[in-house]
Amino acid sequence: MKRLILQIKNLMTRYGYHYSDFAVFMRVNAISRAFEQEFTSYGIPYRIFGGFKFFERKEIKDVLSYLKIINNTFDDESFMRCISVPKRGIGDKTLRELREYCASNGLSMYDGSIVADKTSIGAAARTKLYNFRTLLDGFREFSLSHTVPELMMHVIEMTSFKDQFAENTEENTSKLYNISELLNSAEQFVKDNAGATLSDYLNSITLSSDTDAINSEDAVTVATIHAAKGLEYKCVFVSGLDEKILPITRTFGDENEMEEERRLMYVAVTRAMERLYLTRAMTRYLYGNREYMTQSRFLQEAQPVLSPLSDKNNERYSYTKKETYFTKLDFNKSDDQPLPSSDFGFSSGGVKKFVSGNTPKENKSADFNGYKRGIKVKHVKFGEGTVIDVKGNGDNITVDVAFKGFGIKSLSVKFAPMEIING
């Protein structure tokens, strides 16, 4: 992460870029947490485009409400939040009566939950309140002898918190990744701050949230790939090019879903106007466990359109599009290693323009009206492929085609030696 920040600073110094020229895109919004905190630490202004900042997301606030009430039993707002998630059959009427009783008697709702028999709350609801209070007491006892990540994991398991996201949907998958990343944030905080307490961790989140409120037009954009459609930036970092992230786990075994993931990869890389950095992680904290990651299959599929630059470690590649070079950098090395001294994809003599040696011949048999998303085509060189996007009209149509083994190609229907093989 520090290497990425140094890369931004270096490019700004050497080429006069502004923060607003940079964007970080990701498949799942959980990945934004690390960028948000590091950008804040280094004083880099940023904005979350098309979504909430990490610690403002509902499932994150729900989990943290348990930690907050464990840390401070007078926090009635957190009590009200965590008692309702997951659902426990404690209705609004019961909570309203409890809150009114506590306010009248100078009690916190945590303390009032144990003396609910002095209210008009029914017996069944009082039992549920008592059971919830007992659960919280158990968490407080557990916190005295365990670390913050251990406590967080214990709370999630004991409340069956993840069960509410059991259905295999895009939204639930994203929420589960967010919870995993929250666990990762706690683990990293304890690692970086020996002897840190629960209060220390919660204060760090509050400080981060307060700093995040700073608004600036000259800021790095952080967004999911879905939110990135239609946007373009001079320098783009695509993060999380790992199996289980891009492509996302739930698409495995479903070719149609995998094609959609492949299209998202295409969307991400084509947001870059001048420089593109493709990054991945060696390990990630997923579903409560730290796992070694495998690089995304899309990196391998992209090789035919990525040309190795002169680099002894073979870590950087160029991609000729819009007469610029896109590059790939390995950010998995230790943060104390120096950045490469090359021009990050630019040859020593400057930017090499991609110029075809021959004028392309017009495809006289092209069916300009027949090209639509999802149809199959056959190309003389690349073989069979699927059209994933169509741009332009008349004889100026350009199609983006995903070819197995060759990646995604942007082709002019008027000139490309290909034909439709099904309607």
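The values are calculated or read from the model by the stated rules, or taken from the named source; none is laboratory data. Since the model is a prediction, treat every value here as computed from it, not as a measurement. All Cβ positions, even for glycine, are placed from backbone atoms using ideal geometry, and neighbour counts span all protein chains on display. Just so you know, the surface numbers come from the protein's heavy atoms only, side chains and all, with ligands and any DNA or RNA stripped out. Shrake-Rupley method; radii C 1.70, N 1.55, O 1.52, S 1.80 Å.
Across the accessible surface of segment 371-423, with the other protein chains kept in place and a 1.4 Å probe, carbon and sulfur atoms take up 51 percent. Once Rg and the Kirkwood radius are both taken over the C-alpha atoms of segment 24-63, their ratio Rg/Rh works out to 0.96. Summary of packing: across the peptides 229-241, 108-120, the per-residue average of other C-beta atoms within 10 Å ranks them, highest first, as 229-241, 108-120. Subtracting the Cα-Cα distance of ASP254 and THR283 from 0.36 nm times their residue separation leaves 7.9 nm of extension gain. Beyond 23 Å, what share of the Cα-Cα pairs of segment 18-156 remains, rounded to the nearest whole percent? Pairs farther apart than 23 Å: 47 percent. What a 1.4 Å probe finds exposed on segment 1-95 is 51% carbon and sulfur by accessible area, rounded to a whole percent.
Residues in segment 224-254, backbone N under 12 Å from the label point at LYS391 (7 Å along the Cα-to-beta-carbon vector): list them, ranges by number please. Of the residues in segment 224-254, 230-232 have backbone N under 12 Å from the label point off LYS391. With the largest listed first and rounded to whole Å, the semi-axes of the equivalent ellipsoid of segment 120-163 from the Cα gyration tensor are 25, 13, 5. Based on Cα atoms of segment 1-73, Rg over Rh with Rh as the Kirkwood radius reads 1.09. Each residue, THR398 and ASN193, gets one label point 7 Å from its Cα in the Cβ direction; the gap between the two is 4.9 nm.
Can you tell me the relative contact order of segment 212-276? Whole percent, Cα pairs under 8 Å, sequence separation 6 or more. Computed value for segment 212-276: 47 percent relative contact order.
Note on GLU56 and LYS372: with the Förster distance fixed at 41 Å, the Cβ-Cβ geometry gives a FRET efficiency of about 0.55.
Every Cα-Cα pair in segment 78-131 was counted, and those over 15 Å apart are 36% of them. Please tell me which of these pairs span more than 28 angstrom C-alpha to C-alpha: LYS2/LYS409; LYS2/LYS191; LYS61/LYS93; LYS9/LYS61; LYS234/LYS378; LYS53/LYS162? Table pairs above 28 Å Cα-Cα are LYS2/LYS409; LYS9/LYS61; LYS234/LYS378.
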